[in-house]
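A short write-up of the structure that comes next.
What follows is calculated from the coordinates using simple rules that are stated; it is not laboratory data. For clarity, every value in this text was computed on a predicted model and none was experimentally measured. Because the Cβ atoms are built from the backbone with ideal geometry, glycine has one as well, and the counts that use them run over all protein chains shown.
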Amino acid sequence: MNYEVIALILFAAIFLFLMTGYPVAFVLGGLSVIVGIIFVPDFLDFLPLRIMGTLQNYVLLAVPLFVFMGLTLEKSGIAEELLRSMGVLFGKVKGGLALSVVIVGTLLAASTGIVGATVIAMGLISLPIMIKKNYSIPLATGVIASSGTLGQIIPPSVVLVLLGSVLNVPVGELFKAAIVPGMLLVLAYILYILGFAFVYPDKAPALPEEEIRLYKSANYLSKLLKSFLYPMILIIAVLGVIFTGIASPTEAAAVGALGAILLTLFQKKLSWKLLKAVSIESTHLTSMVFMILIGATTFSLVFRGLGGDKMLISMIEGSNLTSYQFLLLVMVIVFIAGFFIDFIEIIFIIVPIVAPIFAKFQMDPLWIGILLALNLQTSFLTPPFGFALFYLKGVAPPEVKTSDMYKGIVPFIMIQLGVLLLVAFFPKIL
């Protein structure tokens, strides 16, 4: 049998095994090693060097640091106070609570970038209040889930760090390029909420005057200032040192981790128990990412040893696809894959295979990286395996049905795809 056919079988087998729920890292690494031993044993001699080369990638050090920063802020209570203050600030506007969720999601995205932490925090605090105030449940769940995913495109973003390492694009450049698309998403969410509230005012009501007055009577300005000030200090500290060239993204991640600890200390919430919990969870998440990375490195080596990359390039050349047709094909594949597998698997399985073809077409890897990031953001929202929906369902009140969440998320997926198309057709906006 032709080795190139075996490469395709390996690729298909990995996707089939992923559907069983078996750990991704072991599916990638295990199947690849078995196939490699049988067909290309000489290539496995290079595996230790490839793995060590990947793990010594300085840029990837930013992953555990950004994760640590996000979890520290989430557990310190900054997100909770910010949500309460913003809810009152926009309380007089129809749909004001939903608007406050979007604004808070934006600030948390720029200061944490952790989807799970953001969705859970906003789901616990905002969803019961929105339901109590007679908000449409689909709107409430859709706003919370989609706002929680803003951390995947608004820097500092773990997705952008991983994409930068795979596409060999400077992470700092990806961070800069992601700001405009991220803000376009925020603006589009706000316009949709205002439009919904205008058409269905009874499903997105304003807060009662008495409630706003009661909250404002207890040091409201001080609460608002503090809730804004803490995230903004961290955002400026992390992104400022990157954009001014003072520090690399990895060094900026260290600044962010330290800044999160200091902010927690200022709030008098720093404790050994909190540090221990954050450290353990950060270690678990980081270990998961790097185990998948090791498995993906093994798969990539064996796939190329079997000639799979050359076969794909020859197939694309033989099909006479233009560069933009190929880009459309990849975007459709990534979007569909997002229904079934996590963004990390997509980055480490699909992106390394298509990256050389994009290079052959001489397409801008920075632009490709942003398009992929916007596309991957939808994977958190698309059923059946949208992780933002899982997180939200886990903390939602009993009256919130899964069908309500699916209905609510559709408009926001459409908005994300709309911004993706906008960036695709007008790359100069980056």
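A few remarks follow.
- Residues 58, 391 in ascending order of nearby Cβ atoms (within 10 Å, fewest first): 58, 391.
- Residues 229, 366, arranged from fewest to most other Cβ atoms within 10 angstrom of their Cβ, appear as 229, 366.
- From least to most packed, judged by other beta carbons within 10 angstrom and beginning with the fewest, 409, 246, 131 follow the order 246, 131, 409.
- For the chain, built as a Gaussian network whose Cα springs stay under 10 Å, the top-fluctuating residue of 393, 276, 226: 276
- The lysines within cross-link reach of residue 269, meaning a Cα-to-Cα straight distance under 20 Å and a gap of 8 or more places when in the same chain, are 75, 223, 226.
- For the chain, the mean residue ellipticity at 222 nm estimated from helices alone is -25000 deg cm²/dmol, where every DSSP H run of n ≥ 4 contributes -39500 (n - 2.57) and the total is divided by all residues, rounded to the nearest 500.
- Between 0 and 90 degrees, the angle of helix 402-425 with respect to the longest Cα principal axis of the chain falls at about 70 degrees.
- For the chain, built as a Gaussian network whose Cα springs stay under 10 Å, the top-fluctuating residue of 197, 178, 373: 197
- Quotient of the Cα radius of gyration of the chain and 2.2 N^0.38 Å, N being its number of residues: 1.01.
- Of all the options 306, 97, 191, the one that moves most in a Gaussian network model of the chain with Cα springs shorter than 10 angstrom is 191.
- Pairs of Cα atoms nearer than 8 Å and 6+ residues apart set the relative contact order; for the stretch 3-429 it is 28 percent.
- For residue 310, a cut-off of 16 angstrom between C-alpha atoms picks up these lysines, skipping any fewer than 8 places away in its own chain: 360.
- At q = 0.10, 0.14, 0.18 Å⁻¹ the log10 of I(q)/I(0) for the stretch 238-392 amounts to -0.54, -0.95, -1.25, computed by Debye summation with a single uniform scatterer per C-alpha, solvent ignored.
- Working ranking of peptides 85-91, 414-420 by packing, defined as the average number of other Cβ atoms within 10 Å per residue, highest first, is 85-91, 414-420.
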